[in-house]
There are 2 protein chains.
Amino acid sequence: MQKVDVGRTILSANEQHALKNARMLAEKRKACLNMISSPGSGKTTLLCKTIKHLKGQLRVGVIEGDIQTEIDADRIRATQAPAIQINTEGACHLSAAQVSKALAQLPLDDLDLIVIENVGNLVCPGAFDLGENGKVVVLSVAEGDDKPIKYPAIFAKSIALVINKIDMLAMGVSDDFDLDKAMADAKRLNKDIKIFPLSAKTGEGMDAWCDWLKTNWRF
Amino acid sequence: MQKVDVGRTILSANEQHALKNARMLAEKRKACLNMISSPGSGKTTLLCKTIKHLKGQLRVGVIEGDIQTEIDADRIRATQAPAIQINTEGACHLSAAQVSKALAQLPLDDLDLIVIENVGNLVCPGAFDLGENGKVVVLSVAEGDDKPIKYPAIFAKSIALVINKIDMLAMGVSDDFDLDKAMADAKRLNKDIKIFPLSAKTGEGMDAWCDWLKTNWRF
C-alpha cells in the first residue's frame, strides 16, 4: 500500500504561504509578531493597552484570529488602530493563507508593526508559521507556573514571553504562582527568550514591554 | 486527481477505538467523563478536591492527558486515587487508542467513575470522542466571560460546565467576569447543560458538583 505523508504535505502548503507573507512584509519593511496563548490570558487587553501606550511612537495594526465572533477586532478598533478579524469557524489555529488575505486588507503603508493575535490555544498555533518575524507567548499567572514545562514547544519557539496579570500575585490570589520558577523554566527551554512580567490591567511592567517593541520591531 | 478525505479517515479510526472503549466500560458498568478546558483552568485541583470530597461515596480513577510530564498524575496519586498518565509528546488532544491502553492499566473493578483529564486545549479535544459517557467543560473566571461565544463547540457538546475559581469574583480580581452572562451564553448554545459555579480552592459550590457526580455517574 502506498503511504501518503499527509502531515508533511499540509505543513508545506502552509510554509509556502508563510514564506510569501514574510517576503511581502520584508519588501515593505513591516515587522510582524505572532502572539500565542491559552484562551483568556489577556492577549486582547494587552494589545489594546500596548497600542495606547505606543501612540505616536509605533504604528500597530492587528490581525485577530478567533473561532467565531468579531469581539476582539472591535475592541482593537476602539483604540483607533486598524484590525482585521479572521474567523476560523472551528479550526484551532490560523493558517498563513488566512493571514495573507488579512494582510491585503490592512493599510500597511500606515503601519510599523503588525501583531497577529492567534486563536486561543497554547498547542496547535505554534506548529504553523504565518510569515512573522517572531512568536510571542503570553501566559497569565492565573494559569499556573507549571505551564512552561507542561507545554514546552511554544516556550522553546518564542522570542518573547509576556507573563500577564501579575497584579493577581500582589492581591494574594494566584499566590501559588512562583514567578522565578516560571521564568527559570522558560529560560531552560529557551535561553534567549525575553521575559516581560506585567499587568496590562494596572500598567505595571508595560514600559519594558513597549520599549522592547519600539526598539526591535520597527524597520 | 483522486481526492482523499483524510479528516474523515482519521476521525473514523478514532471513533472505532472510542466505540470499543464505550462498550468495554458499559459491560463493566463503569461511568466515564471526559474533562476539557484551557491550560490552567484548574482541572487537576478540581479533581483532587472532588476525589477527597467523594471519599467513601464514589470511587474515582483518573486518566491524565498531558503533552509532557507526570506532574498531574502525581498530584492525583497523592489523594490515594489511581491515576494513569498519558504523554502525547506534542499532540494537542487525547486519542481513544491512548485511552484504551490507559484503561487497561486502571484497577477498574475497584472504581465507579473514570475521569479523563484531557490535554489543556479548549478546541481540539472536543472533536475526538474517547468512549466517555459525556464531556465536562471547565472554565475559570480568570479566562473571561466571553469564552462560551468565542469557543462555542465545546460548550455545545458538553453535558456539564464547571465555572471554576469563583473566589476571584468575591476578591474583586476578575470583577469584569459576568457570571450570569457566561451561564446564559452557555445555555443558549446548549439548553440542557448543567452548570456548576464553584471554587475548588475554597470549596464553595463543591457540594452541588459532587452530588451531581454521585447521583448520575455510578452504574
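Looking across the range B:167-187 at every residue that is over 22 Å from the mean Cα position of the chain (by Cα) and more than 10 Å from chain A (Cβ to nearest Cβ), the one that is nearest to residue A:165 (Cα to Cα) is identified as B:175.
The listed residues are A:189, A:161, A:179, and the only one of them that is of a type outside the set (Ser, Thr, Tyr), closer than 19 Å to residue A:51 by Cα and at pLDDT 95 or above turns out to be A:161.
Please verify whether residue A:145 is more than 22 Å from residue A:216 (Cβ to Cβ), at the interface with chain B (Cβ under 9 Å from one of its Cβ atoms) and in contact (Cβ under 8 Å) with a residue 24 or more places away in the chain, treating the condition exactly as stated. When the stated conditions are applied, residue A:145 does not pass them.
Name the single residue that is nearest to the other protein chains (Cβ to nearest Cβ) among those in the range A:95-130 being among the β-branched types (Val, Ile, Thr) and closer than 19 Å to residue B:120 by Cα. The residue in question is A:123.
The set of residues in the range A:150-159 that are buried (at least 21 other Cβ atoms within 10 Å of the Cβ) and among the aliphatic types (A, V, I, L, M) contains only A:154.
Does residue B:138 meet the test of being within 14 Å of chain A (Cβ to nearest Cβ), of a type in the set (A, V, I, L, M) and either over 23 Å from residue B:15 (Cβ atoms) or touching a Gly at 6+ places or on another chain (Cβ under 7 Å) (or both)?
Working: within 14 Å of chain A (Cβ to nearest Cβ): yes; of a type in the set (A, V, I, L, M): yes; either over 23 Å from residue B:15 (Cβ atoms) or touching a Gly at 6+ places or on another chain (Cβ under 7 Å) (or both): yes.
Here the answer is yes, as residue B:138 does meet what is asked.
What tally of residues in the range B:94-104 results from selecting those that are within 9 Å of residue B:63 (Cβ to Cβ) and out of contact with any Pro (no Cβ under 9 Å at 6 or more places or on another chain)? Quick ask: steps written out before the conclusion?
Of the residues in the range B:94-104, the ones within 9 Å of residue B:63 (Cβ to Cβ) are B:94, B:98-99, B:102-103.
When the remaining residues are screened for being out of contact with any Pro (no Cβ under 9 Å at 6 or more places or on another chain), the result is B:98-99, B:102-103.
The qualifying residues number 4.
Scanning the range B:84-94 turns up no residue that is of a type in the set (Asp, Glu), more than 22 Å from residue B:212 (Cα to Cα), within 14 Å of chain A (Cβ to nearest Cβ) and under 18 Å from the mean Cα position of the chain (by Cα). Checked against (1) touching a helix residue (DSSP H, G or I) at 6+ places or on another chain (Cβ under 9 Å); (2) within 14 Å of chain A (Cβ to nearest Cβ); (3) surrounded by fewer than 18 Cβ atoms within 10 Å (Cβ to Cβ), residue B:74 meets all criteria but (1).
The values are calculated or read from the model by the stated rules, or taken from the named source; none is laboratory data. A quick note: this is a predicted structure, and the numbers were derived from the prediction, not measured. Glycine also receives a Cβ, built like all others from the backbone with ideal geometry; neighbour counts cover every protein chain displayed.
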